[in-house]
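Structure, as C-alpha cells:
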Amino acid sequence: MKQTEKRKFGWRDKLGYALGDAGNDFTLMLLQSYLLVFYTKVLGVSGAVIGTMFLVTKFVDAFTDTAMGRIIDTHTDKNGDRFRPWIRRMAIPVVLASVLIYNIFIEGWPMWAKIAYVTVVYLIYGSVCYTGINIPYGAMAAVLTSDPKEKTSLSTFRSVGALLAGLVIGMVAPMVVFTKDASGNDVANGPRFLLLSIIFGGIALLCYYLCYHWSVERIHVPNKKVEKGDLWKSVKQVCSDRAIFSIILISICIFAATGVMQTLNQYLFLDYFKDTKMLTMTNLVMMGGMMLVAPFATKISVKFGKKEGSIVSLGIASAAYILLLVIRTTNPVVYIVAMFAAYLGLGFFTMVSWAMISDCIDNYYVEYGERADGTIYAMYSFLKKMAGAVTGSIGAWSLSWIGYDSLATVQTEAVSNAIYTVSVLIPVIFMIGTFLLIAFMYPLTRKKVEENARAMKALEAKENGGNSK
C-alpha cells in the first residue's frame with residue numbers, strides 16, 4: 001500500500017464525495033420510494049408479481065457485485081486510480097437505465113410484455129449500471145485518506161449528500177406524481193414519473209461529474225494477482241470476519257426498517273391518512289431530523305466512538321417506532337412528530353455508518369495483512385441490495401396479503417388499517433434487531449479503531465521500507 005504525494009485532503013474531497021452519493025440517490029431513492037407505486041398504480045402490475053421480481057432479480061447481483069469488486073481489486077488506470085474512473089464510465093448508463101424504468105409508453109402492452117420489460121430494465125439498472133458505479137464509489141472512501149477522523153467526515157458528508165437528494169425527492173416527487181381525479185381523489189400520474197426521472201437524472205449526471213473531478217485517490221494499492229480459487233478464498237475469509245459480518249447484518253436490519261417505511265409510506269398517506277400533501281411534510285421533517293445531527297456526528301464519534309454513539313441513537317429510533325405501534329394514531333401530525341424523533345435517532349448512525357464500513361476494511365487489513373476493499377464492499381453492497389429486494393418484496397407482498405386493490409381509487413377500511421399495521425410493525429422488528437446487533441455483536445469500539453489506525457501506520461512504514469508518510 002503506497003500513499004501518494006497529492007494535494008492535501010480537504011473540502012473538495014468532502015463535497016465531491018457527498019455529491020457522489022447524491023448522484024446515486026437521485027435515481028435510487030426515486031426508485032425505492034415510487035417504483036412500486038408506478039408499477040401497481042400506473043402499469044397495473046400486481047404487488048405480488050413485483051415483489052417476486054424484486055427478490056429474484058437480486059440474485060443476479062451475487063455475480064455482478066462480486067465480479068465488480070474483483071475488477072476493482074485487480075485493475076487500475078494508467079494513473080494508478082482504481083475507483084474514480086468507474087464514476088466517469090458509468091454515469092451516463094445508470095441515468096439512462098433509470099429513465100427507461102419509467103417508460104409510460106408500455107402502459108397499453110399485454111401484461112406478460114409489461115412484466116418482461118420491467119424485469120429486464122430493472123436488471124440493467126440495478127445489477128449492471130448501478131453496480132458498476134456504486135461499488136467503486138463506496139469503496140473509494142478507504143483510499144481518499146488514511147486518517148480515521150477524516151474518514152468519519154467523509155461518511156458524514158456522504159450521508160448529507162444522500163439526505164439532500166432525499167430531501168429534494170421527498171419534497172418534489174409527491175407534488176409532481178400525484179394529481180386529483182374528477183372526484184377529487186389522489187391518483188398517480190404516469191407521464192410525470194417519466195418527466196421527474198429525466199430531471200433527476202440530469203442532476204445526477206452533474207453530481208457524478210463533480211465527484212469525479214473533486215476526489216483524489218491518495219492511497220494506491222498494487223493490483224492483486226488472480227489465482228484459481230482465490231476469489232472463493234477471499235469471500236470465505238471476509239465472511240468469517242466478525243466486524244464485517246456484523247456490519248452487514250446491521251445494515252440489512254436498518255435498511256429493512258427504513259425501506260419498508262419508505263415503500264409503504266406512499267400508501268399510508270394515500271389510503272390511510274388520505275392526505276398525500278402531508279407526505280411532503282413528512283419527508284421534510286424526517287430528513288430535517290437527520291440533518292440536525294450532521295454537524296455533531298464527527299465530534300461525537302471522536303469523543304465517544306461510533307459504536308458507542310450508535311447504541312444511544314438507535315435506542316431512540318427504536319423507542320419512537322414502538323410508540324407508533326402502540327398508539328395506532330389516525331392523526332398524521334402525531335405520526336410526523338414520531339418520525340422526527342425516529343430519524344433524529346437514526347441520523348447519527350446514518351452519518352457514521354459509511355465510516356464504520358471503512359473501519360471494517362481497515363480492520364481486515366490489520367488482521368490479514370491485505371487490502372480487499374473492492375471485494376469487501378461488493379459483498380456488503382450485494383447483501384444490502386438483497387435486503388432492499390426483500391424489503392421491497394415484503395412491502396409489495398404485504399399489499400397482496402392484506403387484499404390491496406391496486407386498481408381501486410379508495411380502499412376498504414380493513415385494508416387501510418392493515419396498511420398502518422404493516423407499515424409500523426415491520427420497522428419495529430428490524431429496528432430492535434439493529435439495536436441488539438450494534439450493542440452486542442459489532443466489535444469495533446473507539447479503542448479498537450484507534451489501535452487499528454496505529455497498526456496501519458506501522459504496516460505502511462514496513463511496506464515502504466520504514467518510511468511512512
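The values are calculated or read from the model by the stated rules, or taken from the named source; none is laboratory data. Since the structure is predicted, the reported quantities are computational estimates derived from the model, not experimental observations. Note that each Cβ is placed from the backbone with ideal geometry, even for glycine, and that neighbours are counted across all protein chains shown.
General observations
- Per-region count, region 241-252, residues modelled with pLDDT of 85 or more and either touching a Lys or Arg at 6+ places or on another chain (Cβ under 6 Å) or under 19 Å from residue 341 (Cα atoms) (or both): 0
- Helices (runs of 4 or more DSSP H) wholly inside region 27-104 containing at least 1 residues that are farther than 30 Å from residue 371 by Cβ, at pLDDT 85 or above and within 19 Å of the chain's Cα centre (by Cα): 84-101
- Among the residues making up region 332-352, those that are touching a helix residue (DSSP H, G or I) at 6+ places or on another chain (Cβ under 6 Å) and hydrophobic (A, V, I, L, M, F, W, C) are 336, 338, 339, 340, 341, 342, 344, 346, 348, 349, 351, 352.
- Comparison of 221, 238, 260 shows that the only residue that is surrounded by 18 or more Cβ atoms within 10 Å (Cβ to Cβ), at pLDDT below 85, of a type outside the set (Asp, Glu) and over 30 Å from residue 73 (Cα atoms) is 260.
- On inspection, residue 115 qualifies as in contact with a helix residue (DSSP H, G or I) (Cβ under 9 Å, 6 or more places away or on another chain), buried (at least 16 other Cβ atoms within 10 Å of the Cβ), at pLDDT 90 or above and within 30 Å of residue 39 (Cα to Cα).
- The set of residues in region 95-148 being of a type in the set (D, E, K, R), closer than 27 Å to residue 188 by Cβ and touching a Phe, Trp or Tyr at 6+ places or on another chain (Cβ under 8 Å) is empty.
- Residues located in region 406-442, provided they are surrounded by fewer than 14 Cβ atoms within 10 Å (Cβ to Cβ) and outside any helix (DSSP H, G or I): 407, 408, 409, 410
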